[in-house]
Amino acid sequence: MEQELAFKLQDDGIQYHTQVEIPVTTADFYFLHGSRPLIVFVDGRVHLGTAQMAKDEELRSLLRKRGYRILELHYGNYSDEIRDQLYSELLGCLGKE
């Protein structure tokens, strides 16, 4: 899903960084947009387990406290419709709807 979203970003000429290492994690997408950087996590099924969800929330809360904006894009399985929905959500967060 990350790769599909990256293709759409490239097609639309939107600047981004991918797999950016931040001291406590690696961001799937990183945008220097607005006054605070936006970190995007694209989370598939592995992130739906209770233990993983708790770990993800702890990490993302820490990132929010450090001044980052966080967008979590969740999906259970791949489809073009789901990809487009996630992309629309990403564009909305970037103010590019």
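The values are calculated or read from the model by the stated rules, or taken from the named source; none is laboratory data. Treat the numbers as computed from the prediction; the structure is a model and nothing was measured. Please note: Cβ atoms are built from the backbone with ideal geometry, for glycine as well, and neighbour counts cover all protein chains shown. SASA here: full protein model, heavy atoms, side chains in, ligands and nucleic acids out. Shrake-Rupley method; radii C 1.70, N 1.55, O 1.52, S 1.80 Å.
Along the charge dipole of segment 7-49, which of T18, I39, G49 sits closest to the positive end, that is, farthest toward it, with unit charges on the beta carbon of Lys, Arg, Asp and Glu (+1, +1, -1, -1)?
G49
Can you return the aspartates and glutamates within cross-link range of K96? Criterion is Cα-Cα under 12 Å, with same-chain partners fewer than 8 residues away left out.
The reachable aspartates and glutamates, counting only those whose Cα sits under 12 Å from K96, are D12.
How large, in percent, is the carbon and sulfur part of the accessible surface of the chain at a probe radius of 1.4 Å?
Carbon and sulfur together cover 47 percent of it.
Rounded to the nearest 5, what % of the DSSP beta bridges within the chain are antiparallel ones?
The antiparallel proportion sits near 55 percent.
Using only the Cα atoms of the chain, build the gyration tensor, take square roots of its eigenvalues as a ≥ b ≥ c, and label the shape rounded, prolate or oblate: rounded if a/c is under 1.5, else prolate if a/b is larger than b/c, else oblate.
oblate
Compute the convex hull volume of the Cα atoms of segment 41-97, divide it by the residue count, and report the result per residue in Å³ as a whole number.
62
Relative contact order, percent, of the chain when contacts are C-alpha pairs under 8 Å separated by at least 6 residues?
Relative contact order comes out at 24 percent.
Could you give the accessible area per residue of the chain, probe 1.4 Å, as a whole number in Å²?
61
Which whole-number percent gives the relative contact order of segment 2-49, counting Cα pairs below 8 Å spaced six or more residues apart?
Value for segment 2-49: 24 percent.
Suppose every K and R has +1 on its Cβ and every D and E has -1 on its Cβ; what is the size of the dipole of the chain about the Cα centre, in Debye to the nearest 20?
Computed charge dipole of the chain: roughly 560 debye.
Which one, M1, L94, L63, projects farthest toward the positive side of the charge dipole computed for the chain from Cβ point charges (K/R +1, D/E -1)?
After comparing all options, I get L63.
Among the aspartates and glutamates, which fall within straight-line cross-link reach of K8, defined as a Cα-Cα distance under 20 Å, with same-chain neighbours fewer than 8 residues apart omitted?
Within the straight-line limit of under 20 Å, K8 reaches these aspartates and glutamates: D28, D43, E72, D80, E81, D84, E89, E97.
When the helices in the chain are scored as -39500 (n - 2.57) per DSSP H run of 4 or longer and the sum is shared across all residues, what 222 nm value do you end up with, to the nearest 500 deg cm²/dmol?
Result for the chain, helices only: -13500 deg cm²/dmol.
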